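A quick write-up on the structure given underneath.
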Amino acid sequence: MKVEIDQDAGFCFGVQKTIEQAEKELLKEGKIYCLGEIVHNDEEIHRLKTKGLITIGYEEFRNLKNTRVLIRAHGEPPETYEIAKQNNIQLIDTTCPIVSRLQNRIKTCYDEILDENGQIVIFGKVGHPEVVGLIGQTNGRAMAVSIEADLDQIDFTKPIYLYSQTTRSKKGFKQIKEEITRRLKAAGNQDTLYLMAHQTICGQVSNREPNLIDFAKKHDAILFASGKKSSNGKMLYEICKRENPNSYFISSADDVETDMIKNCKTVGVSGATSTPSWLLQDVANKVSSLLH
Ligand code: SF4
């Protein structure tokens, strides 16, 4: 049996930069606070925890003073920076540059449309940290939508400025955009005047789609390793499952079972942009060990 690790899987450059910075701080200081989970992967969080990384929530953050806190690749709303300033907290800001650019775009758009009653709509998961950071650029006025039913909160008689969370699927964005267009027409408005759609999905995720389809098709089974909370992990796994029904979502090498790879000549190991390469290698090693 052949086991192949998907060469495109593993940390994207945004997450890579965050992890490298955290490791650097840990080496220097011995401990560092991180606001929210550094990456949507429990195994990696655990590894960094043993080195001194302390994950904190917003309540704890508000009560901290005179210390250093790491901001992860997802970015944060302006409120976080204000609290840090008030509490003399030095932020180690590792917001991904792609997310920062998107935050700035949304802020500029919000400032420009204040007088024209426009609405900013973000195609993204409600409550996802990146989405919270994006909505924060609009004083909480932007709306997050992830399914068609969420569109009910939009006023289709007013202009709509549509953006996307960076890790959503292109297909999902297209569907939401088409449904908005349909509802605008039903409300008697021309989509070209009333809908300004900006597909802001990160290439590090969307560019993986074609290669992942080929990868999923060419193997008898796919083991897809990802944290359960990873948006891109869920999306990329669904692509695998669609192309190869013999695909399994796993969190670690411990989840690999003999039945998953039974009668397979080739097994592919893939993962999200938040899955560390060491974990992909662990899964591949487990597959090899089950063969002996
Ligand atoms: S997926 Fe893209 S936008 Fe998100 S952290 Fe990675 S590089 Fe940055």
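The values are calculated or read from the model by the stated rules, or taken from the named source; none is laboratory data. Quick caveat, the model's predicted, so the values are computed rather than measured. Positions of Cβ are backbone-derived with ideal geometry, glycine not excepted, and every protein chain shown enters the neighbour counts.
Screening 55, 94 for residues that are within 16 Å of the ligand (Cβ to nearest atom) and over 20 Å from residue 180 (Cβ atoms) leaves exactly one candidate, 94. Scan the range 102-127 for residues that are of a type in the set (Phe, Trp, Tyr), away from the ligand (no atom under 16 Å from the Cβ) and under 14 Å from the mean Cα position of the chain (by Cα) and the total you get is 0. If you go through the range 1-33 and keep only what is among the small types (Gly, Ala, Ser) and more than 29 Å from residue 215 (Cβ to Cβ), you end up with 22, 30.
For the structure I just gave you, tell me whether residue 167 is of a type in the set (Val, Ile, Thr) and within 16 Å of the ligand (Cβ to nearest atom). Yes: the conditions hold for residue 167. If I ask for residues that are away from the ligand (no atom under 16 Å from the Cβ) and either modelled with pLDDT of 95 or more or touching a helix residue (DSSP H, G or I) at 6+ places or on another chain (Cβ under 6 Å) (or both), which ones from the range 170-179 would you list? Matches in the range 170-179: 174, 175, 176, 177, 178, 179.
Residue count for the range 132-157 under the criterion of being part of a helix (DSSP H, G or I) and not charged (D, E, K, R): the result is 10. Evaluating residue 234 against the criteria (1) crowded, with 17+ Cβ neighbours inside 10 Å; (2) in contact (Cβ under 8 Å) with a residue 60 or more places away in the chain leaves one unmet condition, (2). Let me spell it out: the conditions are (1) in contact with an Asp or Glu (Cβ under 7 Å, 6 or more places away or on another chain); (2) buried (at least 16 other Cβ atoms within 10 Å of the Cβ); (3) farther than 13 Å from residue 10 by Cβ; (4) not acidic (Asp, Glu), and residue 256 meets all of them except one. Which number is the exception? Here residue 256 meets the rest and fails (1).
Residues in the range 99-131 that are assigned to a helix (DSSP H, G or I) and of a type in the set (Val, Ile, Thr): 99, 106, 108, 113, 131. The lone criterion from (1) more than 29 Å from residue 96 (Cα to Cα); (2) assigned by TED's automatic domain parsing to the domain that holds residue 128 left unmet by residue 244 is number (2). Criterion first (among the hydrophobic types (A, V, I, L, M, F, W, C), within 16 Å of residue 199 (Cα to Cα) and within 14 Å of the ligand (Cβ to nearest atom)) does residue 99 satisfy it? For residue 99, the condition - among the hydrophobic types (A, V, I, L, M, F, W, C), within 16 Å of residue 199 (Cα to Cα) and within 14 Å of the ligand (Cβ to nearest atom) - is met. Each residue in the range 99-149 was checked for being out of contact with any helix residue (DSSP H, G or I) (no Cβ under 7 Å at 6 or more places or on another chain), surrounded by 21 or more Cβ atoms within 10 Å (Cβ to Cβ) and among the polar types (S, T, N, Q), and 0 of them qualify. Which residue is surrounded by the most Cβ atoms within 10 Å (Cβ to Cβ), if the candidates are limited to the range 202-218 and must be aliphatic (A, V, I, L, M) and modelled with pLDDT of 95 or more? Among them, the one singled out is 216. The test for being charged (D, E, K, R), within 16 Å of the ligand (Cβ to nearest atom) and modelled with pLDDT of 95 or more holds for residue 130. Screening 37, 76, 23 for residues that are away from the ligand (no atom under 16 Å from the Cβ) and among the charged types (D, E, K, R) leaves exactly one candidate, 23.
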